[in-house]
1. Rg and Dmax of the chain, using alpha carbons, in Å: what are they?
2. So how tilted is helix 31-65 from the main axis of the chain? Cα-based, degrees 0 to 90, rounded to 10.
3. Go ahead and set up a Gaussian network model of the chain, Cα springs under 10 Å, then flag whichever of VAL29, VAL52, VAL12 fluctuates most.
4. Angle check, please: helix 2-25 long axis (alpha carbons) against the longest principal axis of the chain (alpha carbons), in degrees 0 to 90, nearest 10.
5. Can you put LEU49, LEU44 in order of accessible area, largest first, using a 1.4 Å probe?
Amino acid sequence: MHKLAEEGRVAVRHARTDAISKVKKTEHVSEDEKKHTEKDIQKLHDDHLRQVDEAVKAKEAEIMEV
């Protein structure tokens, strides 16, 4: 379970890195807009990592009940 959770975290991090690199390469967009978009991407990243952690805690609790 922990291995799958870590794989999920790595996938989320890679998605964030890819998205931010694409934003930085975008032309005809102001620097302020790029920074704002990077912050939004970071918020999504944090939310998804939180969801992975919550799923792990829930599964651990479920396993411990039995």
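The values are calculated or read from the model by the stated rules, or taken from the named source; none is laboratory data. This is a predicted model, so every value here is computed, not measured. Quick note on the areas: whole protein, heavy atoms, side chains included, nothing else; ligands and nucleic acids left out. Shrake-Rupley method; radii C 1.70, N 1.55, O 1.52, S 1.80 Å.
1. Here Rg and the maximum Cα pair distance are 16.0, 57 Å.
2. 0
3. Maximum fluctuation in the GNM of the chain, among the listed residues, is at VAL29.
4. 10
5. Output order, biggest surface exposure first: LEU44, LEU49.
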